[in-house]
Amino acid sequence: MAGMDAPVKSLPPIFTAHLFPMLEAKLIELLQGLAPEDWEKQTLAPKWKVKDVAAHLLDTQIRKLAAARHGYKPENSKKLSSAKLVTLINSLNAEGVRQYRRLSPGELISRMETASRQSAKYHRALDPFGTAMFPVSWAGEEESANWFDTAREFTERWHHQQQIRLAVDKPGIMTREFYFPVLDCFMRALPYSYRNVSAKSGTLAQFNISGECGGSWHLFRDGGAWTLIASPAGEKISEVAIPQEIAWRIFTKGIEPDVARTQVRVTGDEAIGGHILKMISIVG
């Protein structure tokens with residue numbers, strides 16, 4: 001890479017397929033323990049209560065399985081612009097929530113148990129390095145490897161379950177086993193999120209997420225592009241520290257940037273470091 005004496009390694013793949021059964025079991029246990037009034041409690045998602053989030057989790061699982069088994073896709077998302085893709089996803093999500101929130105809690109859970117088993121089996125059977133059915137659009141990819149799409153799916157299952165847990169005041173699932181892969185996947189959006197942010201070639205922005213589930217990510221400016229590298233290199237111009245408690249909320253629109261900024265520490269170039277508060281690692 002430009003401005004470096006030796007080549008550096010890019011980030012390794014994220015393997016999450018083996019974690020789905022455990023994460024889904026925690027979801028089913030959570031839903032089974034909800035009181036009737038819990039289902040109508042408000043979540044971080046402004047338009048969704050607990051039952052809406054549960055309905056969304058069931059809907060997206062069923063939709064993905066339908067696409068995988070039968071090739072059913074409502075529209076070829078690869079040919080859509082970013083704006084049209086967001087519109088399509090939001091429309092599909094709203095339709096799915098309307099459909100599945102009509103179910104009784106018991107029926108919703110029963111269907112979720114079946115879909116979760118089938119989904120976990122599907123992801124375990126994929127060649128992690130094969131081409132994914134859907135690219136990870138929030139990372140700017142037009143074609144993704146299965147491991148990345150599976151990790152993206154894992155972040156969806158994790159962060160929506162976490163939304164429910166916060167709403168009903170149940171212990172979270174912020175263990176390193178589950179949460180670090182989520183953070184690692186979210187941070188793969190950095191190069192795309194920073195694509196219009198200029199810096200001198202050979203400079204580095206470092207992002208630290210504190211806590212036992214966190215880590216450090218290094219964004220290197222190589223010529224006219226940013227790339228994530230496995231270890232620091234070049235001239236560090238900015239360093240950011242984000243508490244793990246709010247990191248996932250920043251990247252999923254679960255906290256206002258100005259509120260998050262009061263808890264985030266930026267050293268060095270404020271414009272470079274602070275730009276991460278605008279990063280979104282979901283579609284919609």
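The values are calculated or read from the model by the stated rules, or taken from the named source; none is laboratory data. Here the structure is a predicted model, which is why all the values come from computation and not from measurement. Here the Cβ is made from the backbone with ideal geometry for all residues, glycine too, and neighbour counts use every protein chain on show. Accessible surface areas use protein heavy atoms only, side chains included; no ligands, DNA or RNA. Shrake-Rupley method; radii C 1.70, N 1.55, O 1.52, S 1.80 Å.
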Legend entry - Residue selected from the range 159-197 under the condition part of a loop (DSSP other than H, G, I, E, B) and aliphatic (A, V, I, L, M), by the criterion nearest to Leu277 (Cα to Cα): Val197
Inset, instruction - Restricting attention to the range 126-155, report how many residues are assigned to a helix (DSSP H, G or I) and farther than 13 Å from Leu19 by Cβ. - result: 7
Legend entry - Set Lys200, Lys253: member being on the phi > 0 side of the Ramachandran plot, open to solvent by 50 Å² or more (accessible area, probe 1.4 Å) and in a loop (DSSP other than H, G, I, E, B): Lys253
Inset, instruction - State whether one or more residues within the range 97-108 are of a type in the set (Asp, Glu) and at pLDDT 95 or above. - result: yes
Legend entry - Top-ranked residue of the range 3-37 - restricted to ones that are surrounded by fewer than 16 Cβ atoms within 10 Å (Cβ to Cβ) and polar (S, T, N, Q), ranked as modelled with the lowest pLDDT: Ser10
Legend entry - Check on Ala241, out of contact with any Phe, Trp or Tyr (no Cβ under 7 Å at 6 or more places or on another chain) and in a loop (DSSP other than H, G, I, E, B): no
Legend entry - Residue that is most open to solvent (accessible area, probe 1.4 Å), among those in the range 126-180 that are of a type in the set (D, E, K, R) and more than 23 Å from Asp52 (Cα to Cα): Glu142
Inset, instruction - Those residues that are crowded, with 16+ Cβ neighbours inside 10 Å and small (Gly, Ala, Ser), I need them from the range 38-66; list them, please. - result: Ala45, Ala54, Ala55
Inset, instruction - Can you give me the number of residues within the range 203-229 that are modelled with pLDDT of 95 or more and in a loop (DSSP other than H, G, I, E, B)? - result: 5
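Rundown of residues vs (1) modelled with pLDDT under 95; (2) within 25 Å of Ser10 (Cβ to Cβ), yes/no style:
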position: Ile237; (1), (2): no, yes
position: Val240; (1), (2): no, yes
position: Thr252; (1), (2): no, yes
position: Ala260; (1), (2): no, no
position: Val264; (1), (2): no, no
position: Glu270; (1), (2): no, no
position: Gly273; (1), (2): no, yes
position: Lys278; (1), (2): no, yes
position: Gly284; (1), (2): yes, no
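Residue-by-condition table, conditions (1) among the charged types (D, E, K, R); (2) farther than 30 Å from Thr87 by Cα; (3) surrounded by fewer than 18 Cβ atoms within 10 Å (Cβ to Cβ):
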{"site": "Gln206", "(1), (2), (3)": "no, yes, no"}
{"site": "Asp222", "(1), (2), (3)": "yes, yes, no"}
{"site": "Ala225", "(1), (2), (3)": "no, no, yes"}
{"site": "Ser231", "(1), (2), (3)": "no, yes, yes"}
{"site": "Val240", "(1), (2), (3)": "no, yes, no"}
{"site": "Arg265", "(1), (2), (3)": "yes, yes, yes"}
{"site": "Glu270", "(1), (2), (3)": "yes, yes, yes"}
